[in-house]
Structure formats: structure tokens, C-alpha cells
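Structure first, commentary second.
Every number in this text was worked out from the coordinates using simple rules, so none of it is lab data. As the structure is a prediction and not an experimental result, all values here were calculated from the model. We place every Cβ from the backbone using ideal geometry, glycine too, and count neighbours over all the protein chains shown.
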Number of protein chains: 2
Amino acid sequence: MHFFEDIDIGARRELGAFTFTAEDIKRFAREFDPQRFHLDEEEGRKSLFGGLAASGWHVAAVCMKLLVADGKRVRQEAIARGEEIAVWGPSPGFRELRWIRPVLAGDTIRFFNVVETKRTSEKRPEWGILQARNTGINQRGEQVFSFLATAFVPRRKVG
Amino acid sequence: MHFFEDIDIGARRELGAFTFTAEDIKRFAREFDPQRFHLDEEEGRKSLFGGLAASGWHVAAVCMKLLVADGKRVRQEAIARGEEIAVWGPSPGFRELRWIRPVLAGDTIRFFNVVETKRTSEKRPEWGILQARNTGINQRGEQVFSFLATAFVPRRKVG
């Protein structure tokens with residue numbers, strides 16, 4: 001993980017891709033979001049989604065999975081270079097969570113992370129506050145999902 | 001499900017309660033959010049959370065599960081009374097998603113839904129637009145989670 005000073009506004013990372021199978025969609029929906037258009041192909045086709053659609057919370061959870069995996073990769077690369085590791089604080093929340101288009105069975109979503117703003121914390125000078133937008137794009141290049149994440153990131157030097 | 005005209009601002013429903021076991025927390029985390037404080041009691045205790053903490057996305061997914069179950073109950077009660085059933089549109093997204101306090105293993109969270117605003121849609125006069133805040137409260141009465149949901153709700157009469 002990077003320190004606050006090492007992060008550039010506009011920096012964009014590809015987090016990875018995930019293909020939502022019908023089986024994945026139904027399994028998540030049975031446990032957390034058992035609405036008919038998330039459980040059955042025919043019901044999905046008859047719905048506004050036009051097909052078996054992943055729960056929006058499933059899309060968010062998969063994005064989280066890829067964010068965590070990306071964080072681990074960044075951390076391991078830093079360790080391999082012998083750099084000091086920054087331990088990020090927990091996220092206080094997310095804003096502007098949007099499901100823009102349905103994610104249907106068979107869709108492959110690529111997720112991206114773009115840093116939008118950074119500022120230092122007045123109350124806690126050892127921390128910076130970062131806002132980054134996480135976005136999902138389907139195989140046709142259409143945006144399907146996005147949210148703005150806030151994170152506490154440690155500063156390299158406390159001044 | 002209710003029609004737009006039947007919904008009162010300020011209406012509050014209890015959606016139900018859920019106890020987050022250590023097993024539930026780890027199982028969700030292994031699949032979607034494998035960070036150490038969601039996977040291991042000792043790592044949780046050493047973290048800012050102070051214990052094995054549920055992924056925020058797990059808390060959100062459980063809230064969704066209870067929202068869907070509540071919607072089904074409301075629908076079945078309406079059917080039992082012989083009333084016409086309103087079919088709600090899909091949610092275009094959520095705002096102000098906040099994880100206010102950690103949810104630790106053994107915590108029981110009660111979820112509530114409160115209607116905050118309603119207005120008719122200019123573009124689609126057959127629909128109303130509802131905003132409702134979903135909130136999770138732990139066994140000590142502390143708010144742990146909330147988000148503001150937007151929903152399209154059909155109107156009883158098209159004007």
C-alpha cells in the first residue's frame with residue numbers, strides 16, 4: 001500500500017475482471033437478495049433487466065474482492081522492492097453508489113480505481129484522506145457500476 | 001408492496017434482526033473481503049475494530065436480505081387482504097452508505113426502514129420516487145450502519 005505522499009490525483013488502476021455466471025448470481029441471490037429476477041432466467045427476461053441479473057450487492061462485493069486482491073498485490077510488490085509498507089485505515093463509508101446498467105449472466109466486468117481527491121486530516125495530522133472512484137465496465141465498454149470510496153491513508157512524515 | 005399514495009413520510013418499519021456469528025463473518029470475508037481483521041479473531045482484536053469484524057459489504061447484504069424478506073411479508077399480507085399488489089421498480093442506487101461502528105462477532109443488529117421523502121416523477125408520471133433510510137442498530141442501541149435508498153414506486157392512478 002502507498003503512503004499519502006506517493007498517491008497522484010488521477011492515478012488509475014485496473015483491479016481485474018470477473019465473469020458473473022448464472023450459478024454465481026443465483027447463489028448470492030439465494031442467500032442475500034432472493035428477488036425473482038436474480039434467481040430465475042425466465043423471470044429475469046420478463047423483468048426490466050431483460051435477463052438473469054446479478055444483485056447490485058453482489059456486484060459491489062465482487063468489486064471489493066478485486067480491490068482487496070489489488071491491495072495485496074501492491075503490498076507484495078512494495079515488500080519485494082524492500083520499501084516501507086503503509087497500513088491504511090478502515091474506510092468510513094462510500095458515496096454515490098450507482099448501479100447504472102444491469103449485470104446479466106455471462107457478462108464480464110472489468111473494475112477500475114481512479115483517485116479523485118486527496119487532502120490532509122486537520123484532526124489527525126498523521127493521516128491523509130483520499131477519495132477514489134471505483135467503476136465497473138462491461139464487455140461492451142458500458143459503465144455498469146460505480147461508487148466513491150473514502151480512505152484514511154498514513155502520511156510519510158508527520159509535520 | 002404499497003402504492004405511492006399509500007406510503008407516509010416518516011413511516012418506520014422494523015425489518016428484523018440478524019446475529020453475525022464468527023463463522024458467518026469469516027465465510028463472507030473469504031469469498032469477498034479477505035482482509036485479516038475479517039478473517040481472524042486475534043488479528044481483529046489487534047485492529048482498530050477491536051475484534052473479529054464483519055465486512056461492511058456483509059452488513060449491507062444482510063440488510064438487503066431482511067429488506068427483501070420484509071417486502072415479501074408486506075406483499076403476502078396485501079394478498080391475504082385481497083388488495084391489488086404494486087410492483088416496485090428496481091432501485092437506481094443508494095446514497096450516504098455509512099459504516100458508523102464495527103459489527104463484531106456475536107453482535108445482533110436490528111434493521112429499520114424509515115421513509116424520508118416522496119415525490120412524483122416528471123418524466124414518468126406513472127411512477128413516484130421514494131427515499132428511505134435503512135439503519136442497523138446493535139444490541140447496545142448504537143447505530144452501526146445506514147444508507148439512503150431510492151426506489152421507483154407505482155402510482156395508483158395515472159394523472
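Remarks
- Scanning the stretch A:100-129 for residues being assigned to a strand (DSSP E or B), in contact (Cβ under 8 Å) with a residue 24 or more places away in the chain and of a type outside the set (Ser, Thr, Tyr) gives a total of 13.
- Boolean, B:Ala53 is touching a helix residue (DSSP H, G or I) at 6+ places or on another chain (Cβ under 7 Å) and in contact (Cβ under 8 Å) with a residue 24 or more places away in the chain: yes
- Flag if B:Leu97 is surrounded by 15 or more Cβ atoms within 10 Å (Cβ to Cβ), within 11 Å of chain A (Cβ to nearest Cβ) and part of a helix (DSSP H, G or I): no
- The residues listed here are A:Ala29, A:Ala69; of these, the one that is free of Cβ contacts under 8 Å to residues at least 60 places away in the same chain and closer than 21 Å to B:Ala69 by Cα is A:Ala29.
- If the condition is being away from chain A (no Cβ under 12 Å) and either in a strand (DSSP E or B) or within 22 Å of the chain's Cα centre (by Cα) (or both), then the stretch B:17-51 contributes B:Ala17, B:Thr19, B:Phe20, B:Thr21, B:Ala22, B:Glu23, B:Ile25, B:Lys26.
- Members of the stretch A:132-146 that are free of Cβ contacts under 8 Å to residues at least 40 places away in the same chain and buried (at least 16 other Cβ atoms within 10 Å of the Cβ): A:Ala132, A:Arg133, A:Thr135, A:Ile137, A:Asn138
- None of A:Ala54, A:Ala86 is away from chain B (no Cβ under 13 Å) and either among the hydroxyl-bearing types (Ser, Thr, Tyr) or touching a strand residue (DSSP E or B) at 6+ places or on another chain (Cβ under 8 Å) (or both) except A:Ala86.
- Hits in the stretch B:115-135 (condition: within 21 Å of the chain's Cα centre (by Cα) and over 14 Å from B:Thr150 (Cβ atoms)): B:Thr135
- Here the condition is being closer than 23 Å to B:Ala132 by Cβ and outside any helix (DSSP H, G or I); of B:Glu14, B:Glu5, it holds for B:Glu14 alone.
- Condition check for B:Glu142: away from every other protein chain (no Cβ under 12 Å) and closer than 19 Å to B:Glu5 by Cβ: no
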